[in-house]
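The values are calculated or read from the model by the stated rules, or taken from the named source; none is laboratory data. Given the structure is predicted, the values throughout are model-derived calculations rather than measurements. Here Cβ is always computed from backbone atoms with ideal geometry, including for glycine, and neighbour counts include all displayed protein chains.
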């Protein structure tokens, strides 16, 4: 018979990241959710995962131990960007900041972090990444455990299997969390429209990312399509629509949020692409130039290849292609490739595209005329996710 054991207890954050507002220690009145939105998301996720861990412990102790690793991953980091945009989509469409409906919305928004966990665990596996947030990736961690315990079979295969299954579990639990959030049936039905589209678009973007690598597609159009589907949709645009749909938004509000979310979402991914090549590993938690080693055909690469061809610089194109997808490329060659990206104007071109998209998003936001505090917070978030250092 399988061994049963009590559900592992999850650590609750003592000082969660705050998102505007300060708590007055002299009052006993609770602040609304948005005074500490990331902390409230953390609380909601912790409560949900504790209940699911208890169920897993009833199934088998070994499985519960594996799921504990997934829980640590979900609760151990991240900026809670997707729940934040979902919340402000809700508020922009007239949703309340407090009360039972707001608490249900918070749970629905928090479920997006489980989709994010699925995406990250699987993305790290696909990219064969060693680290995430400065720690070993899930598949590497399970492979190491296999090796240390001297279990039968291959360690790498076990790590891969565990990561696939735990990523799948996170996706299944995301659906469960949304459906049990406490939303009114009509609100849930509306919310399922962007939810379903988001899941498909996320997987389509991930596939196209891999597909463009194996085909060696270096066109700006292909790079932007991946950015739209893999990041813009499920990171910002669809979460905004999720919150707005749950609140019962009209078509004008939905259209404004879609336009705003698309522009900011693409800009967010382009900033991520720059950080993937030029970011500080101590800040990003990933090795320097990791996107080059993984062979990512981003807009940064597309702009460099286009500029090099226009200049007749076949040597620069050959140098970049030689680095792309080489997991053993030296630090010196990474630095040389970076220099080429700067010299060819690719880095500047991407920066200009980010600025253009951000300006367009702000124009959309101003024209929409959302009520406060949603208008101000969305404007602040647009800056935060596109002009970041990590």
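Is it true that residue 138 is touching a strand residue (DSSP E or B) at 6+ places or on another chain (Cβ under 9 Å) and either crowded, with 19+ Cβ neighbours inside 10 Å or not assigned by TED's automatic domain parsing to the domain that holds residue 41 (or both)?
Yes.
Would you check if there is a residue in the range 339-358 being modelled with pLDDT of 95 or more, crowded, with 20+ Cβ neighbours inside 10 Å and in a loop (DSSP other than H, G, I, E, B)?
For the range 339-358, residues modelled with pLDDT of 95 or more, crowded, with 20+ Cβ neighbours inside 10 Å and in a loop (DSSP other than H, G, I, E, B): present.
Among the residues of the range 303-327, write down those that are outside any helix (DSSP H, G or I) and either touching a residue at least 24 places away in the same chain (Cβ under 8 Å) or not assigned by TED's automatic domain parsing to the domain that holds residue 213 (or both).
311, 313, 324, 325, 326, 327
Does residue 362 satisfy the criteria of being in a helix (DSSP H, G or I), outside the structural domain of residue 125 (by TED's automatic domain parsing), out of contact with any strand residue (DSSP E or B) (no Cβ under 6 Å at 6 or more places or on another chain) and farther than 30 Å from residue 250 by Cβ?
Criteria not met by residue 362.
What about residue 333, is it at pLDDT 95 or above and either in the same structural domain as residue 310 (by TED's automatic domain parsing) or part of a helix (DSSP H, G or I) (or both)?
Here the answer is no, as residue 333 does not meet what is asked.
Applying the selection to the range 189-207, what residues are free of Cβ contacts under 8 Å to residues at least 60 places away in the same chain, more than 28 Å from residue 222 (Cβ to Cβ) and touching a helix residue (DSSP H, G or I) at 6+ places or on another chain (Cβ under 7 Å)?
Within the range 189-207, just 190 meets the criteria.
For residue 152, which of the numbered conditions (1) free of Cβ contacts under 8 Å to residues at least 24 places away in the same chain; (2) farther than 30 Å from residue 379 by Cα; (3) assigned to a helix (DSSP H, G or I) fails to hold?
For residue 152, the exception is condition (3).
For residue 18, which of the numbered conditions (1) surrounded by 15 or more Cβ atoms within 10 Å (Cβ to Cβ); (2) at pLDDT below 95 fails to hold?
Every condition holds for residue 18 apart from (1).
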